[in-house]
Amino acid sequence: MNRRGVILRASVLALVLASLVFGSLAIYYYTLPPTSGGAGVSPPGAGQVAVSASASPSQGLITVVYNGTTYHVPAKGPNAPNFSCPAGTAPSLCTILQETCGNGVGSAQEPWKTCYNCIFDAGCTGDNACDPYTHQCGSPASACQIIAGGYSQVG
């Protein structure tokens, strides 16, 4: 074998190995869990949460100040489930979740709730799955979920 053939084969081998390493690293970093948000991590701005006493006891409402916006939300009923905060939840967010998680109002009206921190009100139903990046319910994204969800039907 001549010298040019050896150099060509070594170059091709080095290119293939570099592609494998790069591809493996790309897959590894792509599949890492998100660094912010998650089951026990508070959503952005959670440090700005404040809960005041019930403003209208006769109406069963409590006042919540979240990220500078005031919300009047229903208080939990007497038979509502007890809520315990996931590990790592900010204390101010934990307080608001203990007061509101289980009141029957979803994340559209109460933005501090996600499908990770309050499954009583913001949990996913049916074929939906909780997105680990947005913390909202959404359609299945993987091929396995699509097939399992019944979306593989033709016609």
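Here are a few things to note about the model shown:
- Residues of the range 84-98 satisfying the condition of being in a loop (DSSP other than H, G, I, E, B) and among the aliphatic types (A, V, I, L, M): 87, 90
- In the range 62-84, residue farthest from residue 117 (Cα to Cα) [restricted to those that are hydrophobic (A, V, I, L, M, F, W, C) and in contact with a Gly (Cβ under 8 Å, 6 or more places away or on another chain)]: 75
- Selection within the range 99-135 - of a type in the set (D, E, K, R) and in a loop (DSSP other than H, G, I, E, B): 110, 113, 127, 131
No value in this document is a laboratory result; all are computed from the given coordinates. The structure displayed is predicted, hence computed values, not measured ones. In this analysis, Cβ positions are derived from the backbone assuming ideal geometry, glycine residues included, and neighbour counts consider all displayed protein chains.
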